[in-house]
4 protein chains.
Amino acid sequence: MPSYKELKRACYEANMGLNALGLVIYTFGNVSAVDRSTSTFAIKPSGVAYEQLAPEDIVIVDFENQVVEGKLRPSSDTKTHAWLYKNWEDIGGIAHTHATYSVAWAQAQMDIPIMGTTHADHLTEDVPCAPPMSDELIAGNYEHNTGIQITDCFRERGLDYREVPMVLLGNHGPFAWGKDAAQAVYHSRVLEEVARMAYLARQINPAAPRLKDALIRKHYERKHGQNAYYGQ
Amino acid sequence: MPSYKELKRACYEANMGLNALGLVIYTFGNVSAVDRSTSTFAIKPSGVAYEQLAPEDIVIVDFENQVVEGKLRPSSDTKTHAWLYKNWEDIGGIAHTHATYSVAWAQAQMDIPIMGTTHADHLTEDVPCAPPMSDELIAGNYEHNTGIQITDCFRERGLDYREVPMVLLGNHGPFAWGKDAAQAVYHSRVLEEVARMAYLARQINPAAPRLKDALIRKHYERKHGQNAYYGQ
Amino acid sequence: MPSYKELKRACYEANMGLNALGLVIYTFGNVSAVDRSTSTFAIKPSGVAYEQLAPEDIVIVDFENQVVEGKLRPSSDTKTHAWLYKNWEDIGGIAHTHATYSVAWAQAQMDIPIMGTTHADHLTEDVPCAPPMSDELIAGNYEHNTGIQITDCFRERGLDYREVPMVLLGNHGPFAWGKDAAQAVYHSRVLEEVARMAYLARQINPAAPRLKDALIRKHYERKHGQNAYYGQ
Amino acid sequence: MPSYKELKRACYEANMGLNALGLVIYTFGNVSAVDRSTSTFAIKPSGVAYEQLAPEDIVIVDFENQVVEGKLRPSSDTKTHAWLYKNWEDIGGIAHTHATYSVAWAQAQMDIPIMGTTHADHLTEDVPCAPPMSDELIAGNYEHNTGIQITDCFRERGLDYREVPMVLLGNHGPFAWGKDAAQAVYHSRVLEEVARMAYLARQINPAAPRLKDALIRKHYERKHGQNAYYGQ
């Protein structure tokens, strides 16, 4: 039987990061970290305040939403995480927040337009806002269907989750992901900053254009392209 | 004669929470905690700065606004608290703040529309904004009449205070309540967040719709319904 | 010869309060404290960062702007303070900040409308915005004329500085005062909060009305009237 | 061979200031400090988080972008710094941030209008927003061309970099400079404040005018003119 100690520790620290970065209050939000070798993931327990969270409280769940280890009930959003891990094989961590500006765009039911290099340093597309689900899907297996709503949105728009590591759920809020839980939190923080910058830019100049293609490509490529020269 | 030590301590800590959460400055705001067995409540003394507040400063008052214990004058809003405790039997604590975004909606004399799941996780209705009182009521027993203004608003709109734990007073600010003083503060903080999110969403998209009914019910029920599965 | 030690200490602490409350950055802003018995006042030295300020750096100046004690040059706004002390006999302290929302209204060249009880708890009028000075007055004895611009504004509008303890200077920023330097800082902080609330309320609802007269009188009187019952 | 220890230390401290002042998150932004005697400058290494930065990580580069000392790769924006140092002989430090309000104006592709004395205390002109580069320049030697875009903007508008110590790059963000790296950070912080004040003023009153010339001259001259009397 595998030991989940390190996975729990990574998940715990990523969750505490959500709180330290001001992306959540009280018990809002959750982060998970996957172990691909055992097809299980660690996730925040449901409704536990961050100040009271401890590494041993983290719950281990498999991709069919069964608890493998842990005494507490896992996050109510667990099925959304499971669906994303099962369908998107290259992600190692997922974060869900109710960060203010990200939620505001989700409540506005609008994509966040790519308006500057801060955005293009991380992704080459507008941050997609998936529409609210149909009443049938909401009344059914809601959190599972939330996952499907996300993957459907990416499929319909032809987006690659490896290049667009974040999404807004209309009237709800953001999900972000990455190679591990820490990067999922990083993308959540960047999303909040990009959401705030786009909000302010459009308030200052409602006619402000999107970033031109040449700048989108340049900034994304210098960080993520074959000949990337950003970082060490 | 009962000892009010624990009640005072709970009231003190809830008041300090208002300050720590950034919902008040200086001497603004007040929280009370009720003891139903003796029909008395503990409340912040009037005009005392939070940095100087101590548990023994908390004042004990009955539902007829008579001081039962304490050397200081109770909050100038005491009669509003007394009225609410007397009329709404299931509340254990009340908080009043001048939190910025909550006050801004009150000054705009507008209900806060339910625009996202953050809101629906806590209540299924727009946050009601009670209209400013008539001149006669203001010139009369003002703080007592403020309580009546709140209960009248709920009666006229057919709202249940157990399901809508918060209100705005037009041109003044918010009152929130809950099963105890700590939850009243929690609802005050959630209200401020919901007020800020709705403000930003409408700035981004003035035509942004309210949350659809299916999502309102789903999110409220998973936290508060008979088959709730949020939390431990 | 009088010792100015206590006056300097009070002035120093009030200045540090400006910084702690987030009303200034770097060397911006200044607070003074008057000693009516000697017709002198203590004021922040010019261009000194708050982190480097010490009580002994505070400069003592008389109402004719002559330095009475201190090695440093007094604030460049000293003449404005001197004029206000000389003309308004009941004030004990003055604070000048570049707090963001207060400055924004000054740059908008608009009075801050009285829109809520937070405002009416402190004053019964819109916060006046004095117009920018004529070119002749600017090119002349600028800081002295700034004081005249403030007292002229109050005289022309029939305002009483004892009841309206704050003003905006068009395109510049706020001055506030009170019975002592600490209260001048308190009024500066309240002004910033009121400026932010009015800004947000008008963004939410551009047609939001001013507070009705009965509420203005009620809230001001319960704190400042003959039968005030707020505080201890 | 010269020792760069002090230059690295000054550069390190200025970079840490960016982070402490809230002008950057994660690895965003960079500050450099020049040594005119050796025509080299110290600059932040690329992609290193501020919490992990140490003085010995700072990289020394010459004006032809060659690393003179240091084991890490210098900032990806190094060529922009080199160009500015080579062309503008009187600057001692340069700072680049992604501060929120500064970026918002850059994304709006608008100059920041001079609307108050806070602005005029530091410069007499609108903060210029250089247009985004042509596709050819972006695809070419991008960071070098970014420098040219800045100096071209100043040349075409007849601006003096000694009097206008900051610029916005359209859709990107701000660069600021000064006599040393600490002053470059100071100008970045002032720019962010001025950007926020102008944003708010225009939201309150879209027709709010620019500051009148007499006030611009007065405020700039009392701090920077021949007969300056601000400071010690």
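Kindly check whether there is at least one residue in segment C:152-160 that is touching a helix residue (DSSP H, G or I) at 6+ places or on another chain (Cβ under 6 Å) and either aliphatic (A, V, I, L, M) or in contact (Cβ under 8 Å) with a residue 40 or more places away in the chain (or both). Show your work before the answer.
Taking segment C:152-160 and keeping what is touching a helix residue (DSSP H, G or I) at 6+ places or on another chain (Cβ under 6 Å), we get none.
No, segment C:152-160 has no match at all.
Among the candidates D:144, D:96, which residue alone is buried (at least 19 other Cβ atoms within 10 Å of the Cβ) and touching a residue at least 24 places away in the same chain (Cβ under 8 Å)? Outline the logic, then answer.
On the way: D:144 fails: buried (at least 19 other Cβ atoms within 10 Å of the Cβ).
After ruling out the rest, the residue left standing is D:96.
Restricting to segment A:103-150, what's the tally of residues that are within 10 Å of chain B (Cβ to nearest Cβ) and in a helix (DSSP H, G or I)?
12
Whether any residue in segment A:5-20 is under 16 Å from the mean Cα position of the chain (by Cα), outside any helix (DSSP H, G or I) and not hydrophobic (A, V, I, L, M, F, W, C) is what I want to check.
no
Taking into account only those residues within segment B:17-54 that are polar (S, T, N, Q) and either closer than 20 Å to residue C:182 by Cβ or within 14 Å of chain C (Cβ to nearest Cβ) (or both), which is surrounded by the fewest Cβ atoms within 10 Å (Cβ to Cβ)? Write out each step before concluding.
Pass one, segment B:17-54, residues polar (S, T, N, Q): B:19, B:27, B:30, B:32, B:37-40, B:46, B:52.
Still in the list and also either closer than 20 Å to residue C:182 by Cβ or within 14 Å of chain C (Cβ to nearest Cβ) (or both): B:19, B:27, B:30, B:46, B:52.
Values: B:19: 18, B:27: 19, B:30: 26, B:46: 21, B:52: 8.
Looking at the filtered set, the residue picked out is B:52.
Return the total of residues in segment D:205-219 being within 7 Å of another protein chain (Cβ to nearest Cβ) and in contact with a helix residue (DSSP H, G or I) (Cβ under 7 Å, 6 or more places away or on another chain). Before you say what the answer is, go through the steps one by one.
Pass one, segment D:205-219, residues within 7 Å of another protein chain (Cβ to nearest Cβ): D:205, D:208, D:211-212, D:214-215, D:218.
Next, from what is left, pick out any that are in contact with a helix residue (DSSP H, G or I) (Cβ under 7 Å, 6 or more places away or on another chain): D:208, D:211, D:214-215, D:218.
Residues that pass the stated criteria total 5.
Only one residue in A:196, A:222, A:202, A:189 is at pLDDT below 95, assigned to a helix (DSSP H, G or I) and within 14 Å of chain D (Cβ to nearest Cβ). Which one? Before you say what the answer is, go through the steps one by one.
Working: A:196 fails: at pLDDT below 95; A:202 fails: at pLDDT below 95; A:189 fails: at pLDDT below 95.
Step by step, each of A:196, A:222, A:202, A:189 is checked, and only A:222 is at pLDDT below 95, assigned to a helix (DSSP H, G or I) and within 14 Å of chain D (Cβ to nearest Cβ).
Among the candidates D:37, D:46, which residue alone is farther than 28 Å from residue C:22 by Cα, touching a Lys or Arg at 6+ places or on another chain (Cβ under 6 Å) and of a type outside the set (A, V, I, L, M)? Working first, answer last.
Values: D:37 fails: touching a Lys or Arg at 6+ places or on another chain (Cβ under 6 Å).
Matching residue, one of D:37, D:46: D:46.
Since residue B:82 meets every condition but one in (1) away from chain C (no Cβ under 11 Å); (2) surrounded by fewer than 24 Cβ atoms within 10 Å (Cβ to Cβ); (3) touching a residue at least 24 places away in the same chain (Cβ under 8 Å), which condition does it not meet?
For residue B:82, the failing item is (2).
The values are calculated or read from the model by the stated rules, or taken from the named source; none is laboratory data. Owing to the predicted nature of the structure, the values given are computational and were not obtained by experimental measurement. We place every Cβ from the backbone using ideal geometry, glycine too, and count neighbours over all the protein chains shown.
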